[in-house]
1. Could you grab me the full set of residues in region B:94-105 that are out of contact with any Cys (no Cβ under 9 Å at 6 or more places or on another chain) and either within 19 Å of B:Phe13 (Cα to Cα) or surrounded by 24 or more Cβ atoms within 10 Å (Cβ to Cβ) (or both)?
2. Could you list, in sequence order, all residues of region A:7-46 that are touching a residue at least 24 places away in the same chain (Cβ under 8 Å), of a type outside the set (A, V, I, L, M) and either in a helix (DSSP H, G or I) or under 17 Å from B:Arg88 (Cα atoms) (or both)?
3. Mind checking whether some residue in region B:58-79 is farther than 24 Å from B:Phe129 by Cα, in contact with a Gly (Cβ under 8 Å, 6 or more places away or on another chain), within 9 Å of chain A (Cβ to nearest Cβ) and not in a helix (DSSP H, G or I)?
4. Considering each residue of region A:20-48, count those that are over 24 Å from B:Asp66 (Cβ atoms) and surrounded by fewer than 17 Cβ atoms within 10 Å (Cβ to Cβ), and give that number.
5. Of all residues in region B:122-154, which are crowded, with 23+ Cβ neighbours inside 10 Å, out of contact with any Cys (no Cβ under 8 Å at 6 or more places or on another chain) and not in a loop (DSSP other than H, G, I, E, B)?
Amino acid sequence: MQIILNGESRDVAEGMSVEALVLTLADDPRGVAIERNLEIVPKAEHATTLLEDGDRLEVVQFVGGG
Amino acid sequence: MTDTPFTVAGRTFNSRLIIGTGKYASYAQNADAARAAGAEMVTVALRRVNLSNPDEDRLQDHVSPDEFTYLPNTAGCFTADEAVRTLRLAREAGGWNLVKLEVLSDQKTLYPDMEETLLAAKTLISDGFEVMVYCSDDPVYARKLEDVGCAAIMPLGSLIGSGLGIQNPLNIRLIVEQSRVPVIVDAGVGTASDAAQAMELGCAGVLMNTAIAEAKDPILMASAMKHAVIAGREAYLAGRMGRKRYADPTSPLAGLI
């Protein structure tokens, strides 16, 4: 199925969890926040939240800034 | 005379210098500059994880949140909605309620849009955030921001990244005199004397990024800023002499040969 991840279209396995997706992006998921269809997915719900076709995901972290 | 500690939103700091983490040659240099500045609080931005390079150097591996208090910002936000969305994500990412709000108006000046800033401040405060707010040097809006519950008022000295110093010291002083929360000059500092001037005007602190990051020797400039903030603070507490139009001899007139 297709999701939009940080603005880019991406193929992911059916029923993939948010947690599994995050682990493909960062070896240390601390300091990362997830927004799914404009709603924040709290860390405690990453494992139980399953992606659906057409989901729009934003995965963000802290970077340098003034 | 002993100074009172610098307290913002119930948190106490020894250093009155807050520095940014943008524009450095590397995060390692950034960390060295932060230590040379004696900074305890650093501003950070929130951005998409780089999908094409997941092994990219990470800020937190060098400028650790265990060593420095992170102050997430909303740089790049031009509406209240974008700023609120960004800081909710920042709270989820780091767990921090203390944030730097800035809502900008246009790319050319990055001047704060005060109407949107006030709107965002109200929403964030009702959502449990402690808001340190970047604002224009307009005492009227500064008072409105304080009245809705902002934890610190942070007027610009001059435009972000301009290095033009404090363009309107009178307004900064008016804001200092009327405010019951800390006033921190944010943006515009170009060199050490600008930081000292902010402190001499009675500000509780100074926030800067480019003045250090774009110095030829950022570590040495960070150290200069540390001393400037301390010197300016002590001069403010000491109380400067009166200004006179004519000379007043320093050596005694009696006993002249």
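None of the figures in this text is laboratory data; all of them are computed from the coordinates on show. Computed from a predicted structure; not experimentally measured. All Cβ positions, even for glycine, are placed from backbone atoms using ideal geometry, and neighbour counts span all protein chains on display.
1. Filtering region B:94-105 down to residues out of contact with any Cys (no Cβ under 9 Å at 6 or more places or on another chain) leaves B:94-100, B:105.
Matches in region B:94-105: B:Trp96, B:Asn97, B:Leu98, B:Val99, B:Lys100.
2. If the condition is that a residue be touching a residue at least 24 places away in the same chain (Cβ under 8 Å), of a type outside the set (A, V, I, L, M) and either in a helix (DSSP H, G or I) or under 17 Å from B:Arg88 (Cα atoms) (or both), then A:Glu19, A:Gly31, A:Glu35, A:Glu45, A:His46 are the ones that fit.
3. Of the residues in region B:58-79, the ones farther than 24 Å from B:Phe129 by Cα are B:58, B:61-62.
Of the ones still in play, those that are also in contact with a Gly (Cβ under 8 Å, 6 or more places away or on another chain) are B:58.
Now drop any that are not within 9 Å of chain A (Cβ to nearest Cβ), which leaves B:58.
From the residues that got through so far, the ones that are not in a helix (DSSP H, G or I) too are B:58.
Scanning region B:58-79, I find at least one residue that is farther than 24 Å from B:Phe129 by Cα, in contact with a Gly (Cβ under 8 Å, 6 or more places away or on another chain), within 9 Å of chain A (Cβ to nearest Cβ) and not in a helix (DSSP H, G or I), so the answer is yes.
4. Result for region A:20-48: 8.
5. Across region B:122-154, the qualifying residues are B:Leu124, B:Tyr134, B:Cys135, B:Ala152.
Residues are listed down the side, and each one gets a yes or a no for (1) more than 16 Å from B:Ala37 (Cβ to Cβ); (2) exposed (fewer than 13 other Cβ atoms within 10 Å of the Cβ):
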site	(1), (2)
B:Thr191	no, no
B:Gln197	yes, no
B:Val206	no, no
B:Pro218	no, no
B:Ile230	no, no
B:Ala235	yes, no
B:Gly242	yes, yes
B:Arg245	yes, yes
B:Ser251	yes, yes
